[in-house]
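Engineer: Dumping the structure here so I can ask a few things about it.
The values are calculated or read from the model by the stated rules, or taken from the named source; none is laboratory data. The structure presented is a predicted model; accordingly, all values stated were derived computationally and were not measured. Cβ atoms come from the backbone with ideal geometry, glycine included; neighbour counts cover every protein chain shown. Heavy atoms of the whole protein, side chains included, go into the accessibility calculation; ligands, DNA and RNA do not. Shrake-Rupley method; radii C 1.70, N 1.55, O 1.52, S 1.80 Å.
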Amino acid sequence: MERLPADPTVLHPFPDQPRVVLLKPLVTSPLIEVGEYSYYDDPDDPTAFETRNVLYHHGPERLVIGKFCALGTGVRFIMNGANHRMDGPSTFPFPVMGGSWAEHFLLTDLPVKGDTVVGNDVWFGYDTMVMPGVRIGHGAIIASGAVVVDDVPDYGIVGGNPAKLIRTRYDDEDIARLLSIAWWDWPAEHLTEHVRTVMSGTVRQLEEAAPRA
């Protein structure tokens, strides 16, 4: 029997588990980019990810999520539209209430944090929150309940509110080797041949399994 890789275009990769969706075939917003095989798991309505989990996304900032990311239930990305002015006596957003107050709509004066970018192979635990403009490195782990307010290094493990670096999964030398290997960019057929090594092998074994130019 031919060993075919998993299909990255199906919405529900597990037909008997509708709570799991692949995000790339789901999202429609031009401001959201998701790599292949990244998934979201939610027992209520995972297909509402764009409206329930990406909040205050009024643009132009983008949310970019890499390949092979695992997003647990309740992961939320707070986008730049959630910011309020803080340079006056009140932080209340009067213009959004409408009427004549709308004449004072000064969105350009809001703090701008830039795009929110998530690397490849990132695992988000249950009920985590990512604040605007954060960059999360490849291979990172975000602990359940964490509120990520600062950038997360490659292969870093963070937790808490605000999230702090607990440790890195590998030392600096091995992290550099893993970034060079970039297994998430391997052709699907080659990855299929070496899934076991990607899941449980050593860095050296992963290097040996890498496709040759």
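Engineer: Which ones in region 184-213 are outside any loop (DSSP other than H, G, I, E, B), more than 25 Å from the chain's Cα centre (by Cα) and among the small types (Gly, Ala, Ser)? Don't jump to the end; show me each part of the working.
Structural biologist: Going residue by residue through region 184-213, those that are outside any loop (DSSP other than H, G, I, E, B) are 184-185, 188-193, 195-200, 203-209.
Then drop every residue that is not more than 25 Å from the chain's Cα centre (by Cα), which leaves 193, 204-205, 207-209.
Across region 184-213, the qualifying residue is only 209.
Engineer: Name the residues in region 76-107 that are part of a loop (DSSP other than H, G, I, E, B), loosely packed, with under 14 Cβ neighbours inside 10 Å and without any contact (Cβ under 8 Å) to a residue 24 or more places away in the chain, would you? Show your work before the answer.
Structural biologist: Our first condition is that a residue be part of a loop (DSSP other than H, G, I, E, B); within region 76-107, this holds for 79, 83-93, 98, 105-106.
Filter once more, so that each one left must be loosely packed, with under 14 Cβ neighbours inside 10 Å: 84, 86-92, 98, 105-106.
Of everything in region 76-107, those that are part of a loop (DSSP other than H, G, I, E, B), loosely packed, with under 14 Cβ neighbours inside 10 Å and without any contact (Cβ under 8 Å) to a residue 24 or more places away in the chain turn out to be 87, 88, 89, 90, 91, 92, 98, 105, 106.
Engineer: Which one of these does residue 201 not meet: (1) over 16 Å from residue 122 (Cα atoms); (2) in contact with a Lys or Arg (Cβ under 8 Å, 6 or more places away or on another chain); (3) not charged (D, E, K, R)?
Structural biologist: Status for residue 201: all satisfied but (2).
Engineer: Kindly establish whether residue 73 is over 22 Å from residue 147 (Cβ atoms), of a type in the set (Ser, Thr, Tyr) and either assigned to a helix (DSSP H, G or I) or modelled with pLDDT of 95 or more (or both). First the steps, then the outcome.
Structural biologist: Values: over 22 Å from residue 147 (Cβ atoms): no; of a type in the set (Ser, Thr, Tyr): yes; either assigned to a helix (DSSP H, G or I) or modelled with pLDDT of 95 or more (or both): yes.
So residue 73 does not fit the description; no.
Engineer: Can you list the strands (runs of 3 or more DSSP E) lying wholly within region 14-58 that have 3 or more residues being open to solvent by 50 Å² or more (accessible area, probe 1.4 Å) and modelled with pLDDT under 95?
Structural biologist: Answer list for region 14-58: none.
Engineer: Of all the residues that make up region 181-206, how many are touching a helix residue (DSSP H, G or I) at 6+ places or on another chain (Cβ under 6 Å), more than 21 Å from residue 140 (Cβ to Cβ) and in contact (Cβ under 8 Å) with a residue 24 or more places away in the chain?
Structural biologist: 0
Engineer: Kindly provide the set of residues from region 145-174 that are surrounded by 15 or more Cβ atoms within 10 Å (Cβ to Cβ) and hydrophobic (A, V, I, L, M, F, W, C), ordered by number.
Structural biologist: 146, 147, 148, 149, 152, 157, 158, 163
Engineer: Answer with yes or no whether residue 177 is open to solvent by less than 70 Å² (accessible area, probe 1.4 Å), charged (D, E, K, R) and touching a residue at least 24 places away in the same chain (Cβ under 8 Å).
Structural biologist: On the way: open to solvent by less than 70 Å² (accessible area, probe 1.4 Å): yes; charged (D, E, K, R): yes; touching a residue at least 24 places away in the same chain (Cβ under 8 Å): yes.
So residue 177 passes the test.
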